[in-house]
Amino acid sequence: MIPTFFLGIETSCDETAAAVFTDEPAVLANVVASQTDLHARFGGVVPEVAARAHLQRLLPVIDEALRQANVRLDQIAGVAVHHTPGLVGALLVGVSAAKMLAVALDVPLLGVNHVHGHLYACRLAAGRDIFPCVGLVVSGGHTMLFHCRDAVTFERLGGTLDDAAGEAFDKVATLLGLGFPGGPAVEREAAAGDPKAVRLPRPFLHEDRLDFSFSGLKTAVLYALAGQNEPRPAPPPPGKRRADLAASFQEAVVDVLTAKCRQAIRRTGLNRLAVGGGVAANRRLRDALERMAHEEGAELFIPPMGLCTDNAAMAAAAVERWRRGDRSPPDLDAVPTLV
Ligand code: KG4
Ligand code: ZN
C-alpha cells in the first residue's frame, strides 16, 4: 500500500524544524536547525531574534526535509504544525507557513499541541503503541505529568507551580557560569562532582501530590554559592566546588522527578511511563527512571536524545487525530499558553 505523507513543522522556541512522516507513523526525515549560536551571547532565548531566524530558515529546512525523505511537495497529504504552547512570535512563523502550504496544496491543516508532541516522540521511538501510560514532559517551558488514556486523550495529573525543570537547569547554569543552553552544561560539570556534597531542598518529595516546584531549589543554589545577603554572586571558578554544586542540583531535580513518576504510576495503576522533553536527554535522569520503573514493574519509554529536544517529527501526533477525522480550521491560532 502506498503510504500517506505528512509534513510537520516546529517553530515554538529556538529550533527551526521540519519533518516528513507517514500515516504509519514512520519518520522519513527529521531536520532541525538550532539557533543556539544566536541566543548564547544573551544567556537565553530572545523571542524577537528567534522569530526572525525562523522566518529566514523555515523554508530551506522544509526543502531539506522533503529532499531527505525523497518526497515531493505535491505528494504531501496534510500539514501538521505545533501551534501551542510557545513564544507567540516564533509559533506564528510556523503556523503561517503551515496554513499557506495547506491552502496551496489543498490538504488538511493539523494543529498539534507541542507538549503532547513531546510524549508522542516516545510512541515514535518505540515503533508501537505505548498507550495508556503515565506521561512526564520535562522541557525548558514545561514540567507536567499526564494520564495518557490513548494517543490523543491526555489528562493532566500535575505540574510545576513555578519554573520548569529545564528552566531551572538553565538558570543554575548561569549562576555557575556554565553558559547556554544550561542543561547539557550542568550535566557535563556534574560528572566531576559529588551529588551529596551540598544539601539542597526537594520540594513536595514526600507529599502525596503530583506537583513540582523548582524556583526554591534554584535560590538554594544561589545561597549555597554566596550566602543570603549577596545579591548577585560571581560564578564560582572551575573546580571541585562548582562541580559539586552542579551534581547536587542535578541530583535534587532527578530525585523529585523520579519520585513523582513513581507516585503517578502507583496512583493511576498504569504500568507504562513515557518521558519526553529536553531534560529527558539527561543521562542521570534516564538511569534513575530506568531503575525506578524496574522496581515498579513498569515499562519505560524515553526517546533517543534527538527526539527529546524540540523537533518536528513529534508533530506526527497529528496523524492520530487525522485518523479520527479531526482537522484544524483555516484560522488556526498560535496560542502561547498551554490550551
Ligand atoms: O524540549 P526542549 O528542547 O524545549 C522546550 O520545549 O522547552 O527543552 C529544552 C530544555 C532546556 O532548558 C535545556 O537546558 C534542557 O532542555 N536540556 C537538558 C539537557 N539537554 C537539554 N537538561 C538537563 N540535561 C540535559 N542533558
Ligand atoms: Zn519542547
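The values are calculated or read from the model by the stated rules, or taken from the named source; none is laboratory data. Fair warning: this is a prediction, and the values are worked out from it, not measured in the lab. Backbone-built Cβ (ideal geometry, glycine too); neighbour counts: all protein chains shown.
Assorted remarks:
- Between 152, 103, 137, the distinction of being in contact (Cβ under 8 Å) with a residue 60 or more places away in the chain, aliphatic (A, V, I, L, M) and buried (at least 21 other Cβ atoms within 10 Å of the Cβ) belongs to 137 only.
- Selection within segment 263-286 - farther than 17 Å from residue 125 by Cβ and either within 9 Å of ligand 1 (Cβ to nearest atom) or within 18 Å of the chain's Cα centre (by Cα) (or both): 284
- Going through (1) under 18 Å from residue 305 (Cβ atoms); (2) more than 10 Å from ligand 1 (Cβ to nearest atom) one by one, residue 140 falls short only on (2).
- Among all positions in segment 83-96, there is at least one residue which is small (Gly, Ala, Ser), within 12 Å of ligand 1 (Cβ to nearest atom) and not assigned by TED's automatic domain parsing to the domain that holds residue 265.
- Which numbered condition residue 131 misses (of (1) buried (at least 21 other Cβ atoms within 10 Å of the Cβ); (2) more than 16 Å from ligand 2 (Cβ to nearest atom); (3) of a type in the set (Phe, Trp, Tyr)): (1)
- Some residue of segment 326-339 being of a type in the set (Asp, Glu), in contact with a strand residue (DSSP E or B) (Cβ under 7 Å, 6 or more places away or on another chain) and either within 24 Å of residue 30 (Cβ to Cβ) or in the same structural domain as residue 152 (by TED's automatic domain parsing) (or both): no
- Selected residue [more than 15 Å from ligand 2 (Cβ to nearest atom), in a helix (DSSP H, G or I) and hydrophobic (A, V, I, L, M, F, W, C)] from 288, 317: 288
- Filter result for the condition that a residue is among the hydrophobic types (A, V, I, L, M, F, W, C) and surrounded by fewer than 20 Cβ atoms within 10 Å (Cβ to Cβ), over 77, 65, 17, 90: 77
- Within segment 155-175, considering residues that are surrounded by fewer than 20 Cβ atoms within 10 Å (Cβ to Cβ) and more than 20 Å from residue 259 (Cβ to Cβ), the one modelled with the lowest pLDDT: 174
- The set of residues in segment 176-220 being at pLDDT below 95, part of a helix (DSSP H, G or I) and touching a helix residue (DSSP H, G or I) at 6+ places or on another chain (Cβ under 6 Å) consists of 182, 218.
- All positions within segment 134-159 that are outside any strand (DSSP E or B) and within 12 Å of ligand 2 (Cβ to nearest atom): 139, 140, 141, 142
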